[in-house]
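The values are calculated or read from the model by the stated rules, or taken from the named source; none is laboratory data. Computed from a predicted model, the values in this text were never measured in an experiment. A quick note on method: Cβ atoms are made from the backbone with ideal geometry, for glycine too, and the neighbour counts reach across all protein chains shown. Just the protein is used for accessible areas: all its heavy atoms, side chains included, with ligands, DNA and RNA removed. Shrake-Rupley method; radii C 1.70, N 1.55, O 1.52, S 1.80 Å.
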Amino acid sequence: MGRVSAEHDDYCLVAYQLAVCFQMKWQRTENVADLDDEIHWYRESVRNCLPNNPHTRQTLNLLGAALCIRAELNDSLSDVEEAIGHIIQAKDHCDRGDWGYLQSVTNLSCLYQTAGEKGFSLKEGDPVALAVETAELAVEVCPKDSSHLETSLYNLAQIQILAYEKSGSQQSLERSQQALESAIGRAKECVRATSPDNPHLPRNLVGLSNILQRSFKHNGSSSLIEEAVEAAERAVAPRKRDPNGLTALGNALVTRAVWGPSSVDFSKDLNDGIAHLDEAIRLKEERFARVPWGFYSNLGLALQARSELLGSEDDLDKAIAMLQKALESQTLHTTSMSLRHSNLARAFFAKYARRKECGYLDQAIEHGQRAVDGSPENDPNIALRRNNLGLCLKERFEVESYPEDFSCAIDQISKASESVGETNPALPGYLNNLAITFKNNFLITGKPEMLDKAIEYFAKAAALPGNGGPLAGGILMNLSSAFHMRARSKSNRPDDYEKAIEYGENAFHLASAPPSVRIRAADHAGILRASSDRTEQGRDRAARLLAAAVELLPLISPRTLARLDQQYRLRHFNAYGISADAAALALDASHPPRRAIELLETSRGVMLANILDCRSDISDLRDAYPELAEELERLRRLVDRIDDSLDSTVPTEDAQPGELSTKI
């Protein structure tokens, strides 16, 4: 390039060729310096060039697209405004039926989408509305037999998801639902329009899976998460080393494990999902100069979910490490930093819940406050961040009894609930948390009006039309507990006890509730029923509720957990106490004594059953590979001896230092 001056006739062409080279390098390395060089040389290539030239219009579009990428990385309004100017200039010199017109309109929609995601204000108008308008125009002008139709449909589906998210925290909930349904329709239409041999098919399936996952979180329909998993599996099948496909599949499996129907396989979904997310990061690290912070966040949130469901503190520590890595990522734009602080606040709060060390709670409040402070009022996630901050402040009030923490907690959670409409799926959760704050204040201060407020908000949450989702079981259980609390207080009302039983039973029978909630609900309602209804029918009903709780115990302590974590989970849920109560109630209801013994043995045998489940028959292995079979038997004996010695100071004899970890 040094041989060609800026005034030379070939300068623009050489600059364009250099820009294309840096574009290809950026796509391979994702090094931001290469993106900066690409933008610089595209700018140079259009200097003193007229936009009525087709090649110049193409270059203006490429420059606009590169500026859009940099704006996403650096939160740069100036890059967005410059890119919009270049692409509008190219569009205005194209006929409506030209390929250049479609390209310009598509790029404009992506730019407006970026501006909407960042919360930018544009002189052209509302960026989200402009994004939808231009994306719909791209679909309209694209020939129906064109291979570009699926790309236009894909972009429109993604932008309608943005419209859904932006309206979800404001007043237009009907429009939000319409946008979500339209996005699903467009995404499915996009997949149908893509031929099986089209290289874009995996990308389009990933887009469909992501939209279905969002829709599932909106209304809790299990069919949606099943479709999301299926679409992601189809995307990964032909491209098993695609990080985006693995991420979509990992997120879908984790979502199904956390919020899907009660299933024995939920731990498998968690483990498989985390393995896919971990592999996606490894592939990104292998191929590119940087890993986008979202990959670390996805893995961190998945590890935290597994920790919450299965009780592994090691998973929680790994989750915090991943979320801190995401926070330290080189991309520092404000919008994503608020999200990263929010994720880390939740993880530190979970660590506090495990350890009860106030340092973790203070870190949770610090990151939660930074998440709220960094969120603009029109951010669709600000309500969630306020809710989470309120929960942390509530907890500190309960520990240290600072009145200002209680006031701030009520203020934050109230603002969260007031900023969403009645049909918003998040509202039941916010009202539930507000009720918990009042209930716990009652436990500290003894003020009966606080418990009345708690019951009022629990009842509102349970009665909302959006309460058919994943949180419904927990809300019903909390309402049952609050009625029971008031029934035992001086201000009790005649029907409080019966309502406590009714809502507890409803929570247990809700199939969408997690096993942990159903166990607690069955135990709670069963004990109350046994003490209040001494008829034959009442005693039988109580016994069956407790028996059902015992039968769910294996789900909370699967064999995939470490031995100490299995013990922690069983102790945390009072497994032995539940089985003892179930056996007593079985005898009280005149059930066969054998049934009482079975219930006692169920909780005692959870960990033993896990061990036996691991010890599959190896006769086929012995026939084919006798040496490997013998080695496996030796390692099994070694594991047994280590387990036996956990509570003993007697050393083992066979193992050399490090041998077990190396072999297994």
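If you go through region 382-390 one residue at a time, do you hit one that is open to solvent by 20 Å² or more (accessible area, probe 1.4 Å) and either at pLDDT 90 or above or in a loop (DSSP other than H, G, I, E, B) (or both)? Within region 382-390 (the criterion being open to solvent by 20 Å² or more (accessible area, probe 1.4 Å) and either at pLDDT 90 or above or in a loop (DSSP other than H, G, I, E, B) (or both)), the answer is yes, since at least one residue qualifies. Scanning region 401-437 for residues that are outside any loop (DSSP other than H, G, I, E, B) and more than 25 Å from N381 (Cβ to Cβ) yields P403, E404.
Take P376 and decide whether it is in contact (Cβ under 8 Å) with a residue 12 or more places away in the chain, part of a loop (DSSP other than H, G, I, E, B), out of contact with any Cys (no Cβ under 7 Å at 6 or more places or on another chain) and buried (at least 18 other Cβ atoms within 10 Å of the Cβ). Step through it out loud before you land on a result.
On the way: in contact (Cβ under 8 Å) with a residue 12 or more places away in the chain: yes; part of a loop (DSSP other than H, G, I, E, B): yes; out of contact with any Cys (no Cβ under 7 Å at 6 or more places or on another chain): yes; buried (at least 18 other Cβ atoms within 10 Å of the Cβ): no.
No.
Taken over region 400-419, the criterion of being open to solvent by 20 Å² or more (accessible area, probe 1.4 Å) and more than 18 Å from A459 (Cα to Cα) is satisfied by E400, S401, Y402, P403, E404, F406, S407, C408, D411, Q412, K415, S419.
Screening T423 on (1) in contact (Cβ under 8 Å) with a residue 60 or more places away in the chain; (2) at positive phi shows it passes everything except condition (2). With respect to A525, is the statement that it is buried (at least 18 other Cβ atoms within 10 Å of the Cβ), closer than 21 Å to L585 by Cα and in contact (Cβ under 8 Å) with a residue 24 or more places away in the chain true? Judged against the criteria, A525 is a match.
Of everything in region 187-228, what is among the charged types (D, E, K, R) and either touching a residue at least 24 places away in the same chain (Cβ under 8 Å) or in contact with a Phe, Trp or Tyr (Cβ under 7 Å, 6 or more places away or on another chain) (or both)? Give them in sequence order.
From region 187-228, those among the charged types (D, E, K, R) are 188-189, 192, 197, 203, 214, 217, 226-227; that's our starting set.
Those that are among the charged types (D, E, K, R) and either touching a residue at least 24 places away in the same chain (Cβ under 8 Å) or in contact with a Phe, Trp or Tyr (Cβ under 7 Å, 6 or more places away or on another chain) (or both): E189, R203, R214, K217, E226.
Rundown of residues vs (1) buried (at least 18 other Cβ atoms within 10 Å of the Cβ); (2) assigned to a helix (DSSP H, G or I), yes/no style:
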| position | (1), (2) |
| --- | --- |
| A183 | yes, yes |
| S195 | no, no |
| P199 | no, no |
| G207 | yes, yes |
| Q213 | yes, yes |
| F216 | yes, yes |
| E230 | no, yes |
| R234 | yes, yes |
| K240 | no, no |
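Summed over region 135-148, residues that are open to solvent by 20 Å² or more (accessible area, probe 1.4 Å) and in contact (Cβ under 8 Å) with a residue 12 or more places away in the chain total 5. With respect to the conditions (1) in contact with a helix residue (DSSP H, G or I) (Cβ under 6 Å, 6 or more places away or on another chain); (2) in a loop (DSSP other than H, G, I, E, B); (3) of a type outside the set (D, E); (4) closer than 28 Å to L205 by Cβ, P143 lacks only one, and its number is (1). Among the candidates P428, P515, single out the residue that is crowded, with 24+ Cβ neighbours inside 10 Å and within 23 Å of the chain's Cα centre (by Cα). Result: P428 is the single residue among P428, P515 that is crowded, with 24+ Cβ neighbours inside 10 Å and within 23 Å of the chain's Cα centre (by Cα).
Residue-by-condition table, conditions (1) part of a helix (DSSP H, G or I); (2) at pLDDT below 85; (3) under 32 Å from the mean Cα position of the chain (by Cα):
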| residue | (1), (2), (3) |
| --- | --- |
| G474 | yes, no, yes |
| A482 | yes, no, yes |
| S491 | no, yes, no |
| R529 | yes, no, no |
| D540 | yes, no, no |
| Q567 | yes, yes, yes |
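Being farther than 23 Å from L309 by Cα and either within 15 Å of the chain's Cα centre (by Cα) or at pLDDT 85 or above (or both) is a property that does not hold for A228.
Looking only at region 281-324, residues that are closer than 27 Å to S557 by Cα and hydrophobic (A, V, I, L, M, F, W, C) come to 13 in all.
Could you say which residue among A65, A157, A163 is in contact (Cβ under 8 Å) with a residue 12 or more places away in the chain and open to solvent by less than 10 Å² (accessible area, probe 1.4 Å)?
On the way: A65 fails: open to solvent by less than 10 Å² (accessible area, probe 1.4 Å); A163 fails: open to solvent by less than 10 Å² (accessible area, probe 1.4 Å).
None of the other options fit; the residue is A157.
Tell me yes or no: at least one residue of region 558-565 is open to solvent by 40 Å² or more (accessible area, probe 1.4 Å), part of a helix (DSSP H, G or I) and in contact (Cβ under 8 Å) with a residue 60 or more places away in the chain. Yes, some residue in region 558-565 is open to solvent by 40 Å² or more (accessible area, probe 1.4 Å), part of a helix (DSSP H, G or I) and in contact (Cβ under 8 Å) with a residue 60 or more places away in the chain.
When region 286-339 is filtered for residues that are at pLDDT below 90, within 24 Å of A353 (Cα to Cα) and polar (S, T, N, Q), the ones remaining, listed by number, are S312, S338.
Let me confirm something: among I475, I501, which residue is β-branched (V, I, T) and either in contact with a strand residue (DSSP E or B) (Cβ under 8 Å, 6 or more places away or on another chain) or under 20 Å from M450 (Cα atoms) (or both)? Of the residues listed, the single one that is β-branched (V, I, T) and either in contact with a strand residue (DSSP E or B) (Cβ under 8 Å, 6 or more places away or on another chain) or under 20 Å from M450 (Cα atoms) (or both) is I475. When I436 is tested against (1) open to solvent by less than 10 Å² (accessible area, probe 1.4 Å); (2) closer than 24 Å to G526 by Cβ, only condition (1) is not met.
Applying the selection to region 444-465, what residues are closer than 26 Å to G368 by Cα and either in contact (Cβ under 8 Å) with a residue 40 or more places away in the chain or open to solvent by less than 20 Å² (accessible area, probe 1.4 Å) (or both)? First the steps, then the outcome.
Within region 444-465, the subset closer than 26 Å to G368 by Cα is 444, 450, 453-454, 457-458, 461.
Answer for region 444-465, where residues must be closer than 26 Å to G368 by Cα and either in contact (Cβ under 8 Å) with a residue 40 or more places away in the chain or open to solvent by less than 20 Å² (accessible area, probe 1.4 Å) (or both): I444, A454, F458, A461.
Quick one: which residue in P514, P554 is closer than 29 Å to A454 by Cα and modelled with pLDDT under 85? It is P514. Residues that are among the β-branched types (V, I, T) and either out of contact with any Phe, Trp or Tyr (no Cβ under 7 Å at 6 or more places or on another chain) or open to solvent by 20 Å² or more (accessible area, probe 1.4 Å) (or both) within region 68-103 comprise I69, I84, I87, I88, listed in sequence order. Scanning region 16-39 for residues that are open to solvent by 70 Å² or more (accessible area, probe 1.4 Å) and farther than 23 Å from P292 by Cβ gives Q17, C21. For A584, indicate whether it is crowded, with 16+ Cβ neighbours inside 10 Å, more than 30 Å from A525 (Cβ to Cβ) and modelled with pLDDT of 75 or more. In short, no.
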